[in-house]
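Shown next, in structure tokens, is the structure this report addresses.
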Amino acid sequence: MVHRFIHFLTEYWKRVTAFILAALFCALLLVAGGAVWLTGGYPQDFLRFLYTYRTLKENYFRPVDEDSLWQGASQGMLSSLNDPYSTVLSGDAYNSFMETTNGEYGGIGVVMGMDGENQIRIFNVFDGSPAEKAGLQSGDILLSVDGAGVDTLGLSGTAQAVRGENGTDVTIEVERDQETKSFTMQRSSVSMPTVVSRMADEGIGYIHIFSFSRHTPAEFKKQLAALKDQGCEKLIIDLRMNPGGMIDSVVAVADQILSGGSVVSYHTKNHGSENFTVKGVEDPMPMAVLIDKNSASAAEILAGAVQDKKEGIIIGETSYGKGTVQAVYPDGNNAALKISIAEYRTAAGRIIDKKGIVPDVPVEQTGRPFSFTSDNVLQKAVELLKEK
């Protein structure tokens, strides 16, 4: 009896052991298959990554923040691409990016940029904004934000410092007419217009596009209609210091001023190419498009389409040369991956990445940008359109 019982236990444990080994083998196959799928056939590198993570976590002599480790690993992978437009967005960088895309943010309601003397200057103060109520003016040269000098902050750092939580105060020091002035104002939720316009001369309208966000096409349509009501028959489009924006937005703007056909195409690794076309207008008005070294991305798409279609003259400096398309993949935790997914080409198929749009009429900026009394690029545009 005892012998039978021992035999039963022996056979039972053999079967249990065989089942466990089979389960482990299947799990190993799943892990290996998953690693191959995830890494495109390089599971040893994936396992090496896990080994590095585990070794750091267990042996590094200071406390290890796991969130920082994972974020650093992601950023390291993107940095290895040597692509300045592919990055990890988190915290303030993520919030700033989303605010810029949506055209809404907590700030003071100004447009700032670098002038011809490499000074950070206010180029526009929006009506009803905290900046206007406090007394800031177009043309003011920024010196500091809350005591931090703009020379240290740089342009992007200065813009970030100006923004902040709604209801908080910010103190901005500027130079105006060779005098230093200080203004304190309360940040508020600002819906920043991306398009402003005015008549530049008799029959010549002027539209300044700051960026291409979701609501830019609607703003452009409204501003263009207002100019036509004032007798606009020729048009200046100012894209200087425009960092770009959404491809759908710039295509929708092009649809309002250019003839039908291709505006831009982009080409991906896995999904072939896509060509963006517009119905356009039957009789495009004479145009001059102003660009500079800070005109990038969507701004270059519009300038390139105008140039390729020969429906306007491009004036200014060679543009930035950003010819790639980025997609944003949020992770649901106030962070995202921003990755270059395609290369775009102008209406005629030109690749402009790292090359830029070369103006038809090169003009080096000498006067203050966007000033109708001293902006030599703008004055050149008016002069040329008068001849048409």
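The values are calculated or read from the model by the stated rules, or taken from the named source; none is laboratory data. Not measured: the values here are computed from a predicted model. Using ideal geometry, Cβ is built from the backbone for each residue, glycine included, and neighbour counts are taken over all protein chains shown. Keep in mind that these areas ignore ligands, DNA and RNA; they rest on the heavy atoms of the full protein, side chains included. Shrake-Rupley method; radii C 1.70, N 1.55, O 1.52, S 1.80 Å.
Observations on the structure shown:
- Fraction of accessible area attributable to carbon and sulfur, the stretch 207-335 (%, probe 1.4 Å): 48 percent
- Other residues whose C-beta falls under 12 angstrom from the C-beta of Gly72 contribute a net charge of -3, scoring Lys and Arg +1 and Asp and Glu -1.
- Considering only alpha-carbon pairs that sit under 8 angstrom and 6 or more positions apart, the relative contact order computed for the stretch 178-302 is 26 percent.
- Its residues counted as N, the stretch 150-292 yields a C-alpha radius of gyration over 2.2 N^0.38 Å of 1.33.
- Ranking Asp308, Asp375, Asp331 by solvent-accessible area of protein heavy atoms (1.4 Å probe, all protein chains present), from largest to smallest, gives Asp331, Asp308, Asp375.
- Enclosed volume per residue, in Å³, of the convex hull spanned by Cα atoms of the stretch 97-231: 119 Å³
- In the context of the full set of protein chains, residues of the stretch 145-261 present 46 Å² of accessible surface per residue (probe radius 1.4 Å, heavy atoms only).
- Taking all Cα pairs closer than 8 Å and separated by 6 or more residues, the relative contact order of the stretch 232-388 comes to 23 percent.
- 16 Å Cα-Cα reach of Lys386 towards lysines, excluding residues that sit fewer than 8 places from it in its own chain: Lys234
- Charge sum, other residues only, whose C-beta stays under 13 Å from Lys181's C-beta, Lys/Arg counted +1 and Asp/Glu -1: -4
- Taking every protein chain into account, the accessible area of the stretch 269-318 amounts to 46 square angstrom per residue (probe 1.4 Å).
- Each label point was placed 7 Å from the Cα along the Cα-to-Cβ direction; for Thr268 and Glu165 their separation is 3.9 nm.
- Counted by Cβ distance under 15 Å from Gln137, the other residues give a net charge of -3, where Lys and Arg count +1 and Asp and Glu count -1.
- Set against the 2.2 N^0.38 Å expectation for a compact globular protein, the stretch 185-255 has a Cα radius of gyration ratio of 1.18.
- Structural descriptor for the stretch 124-235: relative contact order 20 percent, calculated from alpha carbon pairs under 8 angstrom and at least 6 residues apart.
- Unit charges on C-beta of K, R, D, E only; dipole of the stretch 330-388, Debye: 100 debye
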